[in-house]
Amino acid sequence: MAEHLASIFGTEKDRVNCPFYFKIGACRHGDRCSRLHTKPSISPTILLSNMYQRPDMITPGVDAQGHPIDPHKMQEHFEEFYEDLFEELSKYGEIESLNVCDNLADHMVGNVYVQFREEEQAANALKNLSGRFYAGRPIIVDFSPVTDFREATCRQYEENSCNRGGYCNFMHLKRISRELRRHLFGRYHRRHSRSRSRSPYRHKSYEERSHRSHSRKYDDRDQYYESRSRRHQSTSPGHRKGRSRSPGGRRERSPVRDGSEERRARIEQWNREKEQADLAKNANAEVLDHKSENNEKGYAQNEDQYYGQHPSQRNGYAY
């Protein structure tokens, strides 16, 4: 029974604990939720609720005076907040990841999730941030059960296909520029590179992994279209004569995929060859068995003849 309860803890099958609070650290129902919101007593992740205030908090893309906001200025505003918060939180320990929600729902708007390398560092930050203010607003800080942001983030948002927009119940994490990330997290990377001989594994935040995978996806796409256009140019009649070749020779082309009939015929041919090989193997085995049987019979016959001779006739010796 205990193993069953442990296996369904924090899932949809758990009728006692709230799965959204376990995955995301926030629930749209709040205190009115019919399931329990069990706050951890210790965790490497802390939650700063509703800390980031967007310039377009009232209406997306429009400031409080009703004027449209330049997206570049909004990104600059966010990166200034991100850098200021990172520098303050890094005083309490090494930061694994710093994620800011871009959601618009009340229970997730402006939420900041800070994951430290050690639980003691997160506890130190919680102790020092409690009762403080930021931009004239009190800081609401608690331990968060979120430790794996891959389960908490919206994958459709990363693919720019989330139809719920800012009111999605999963995290829509804001991204920072590559230069700022290298400037902030580069100190940890250099520190770990010095001790790489002791530990070859280097921790990476989820946002960094998603950012790199996101950029790698578009790099691979550009490389695909570039290679496709290059193949098209190389196969054109006017480009055949002047095309360059690599020093290693002509590049091997991928084989053309056969049709269903050709694959079926090839499989039948393989089956026939296998049957013929099996028949030949069985025939050889029968021949060997027949030879061994004849050899045994001949040996027995010679033995009978040998022992049936008179003693004086065996090898010319008499007994």
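See the values below:
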| item | result |
| --- | --- |
| Residue in region 39-51 that is in contact with a strand residue (DSSP E or B) (Cβ under 9 Å, 6 or more places away or on another chain), at pLDDT below 90 and not small (Gly, Ala, Ser) present | yes |
| Residue that is modelled with the lowest pLDDT [pool: residues in region 135-170 that are part of a strand (DSSP E or B) and buried (at least 17 other Cβ atoms within 10 Å of the Cβ)] | Thr153 |
| Condition check for Glu120: under 22 Å from Arg181 (Cα atoms) and either part of a loop (DSSP other than H, G, I, E, B) or of a type in the set (Asp, Glu) (or both) | no |
| Residue ID - least open to solvent (accessible area, probe 1.4 Å), chosen from residues in region 61-86 that are touching a residue at least 12 places away in the same chain (Cβ under 8 Å) and acidic (Asp, Glu) | Glu79 |
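The values are calculated or read from the model by the stated rules, or taken from the named source; none is laboratory data. Note that this is a predicted model, so its numbers are computed, not measured. Cβ atoms come from the backbone with ideal geometry, glycine included; neighbour counts cover every protein chain shown. Note: accessible area is taken over every heavy atom of the protein model, side chains too, but ligands, DNA and RNA are not part of it. Shrake-Rupley method; radii C 1.70, N 1.55, O 1.52, S 1.80 Å.
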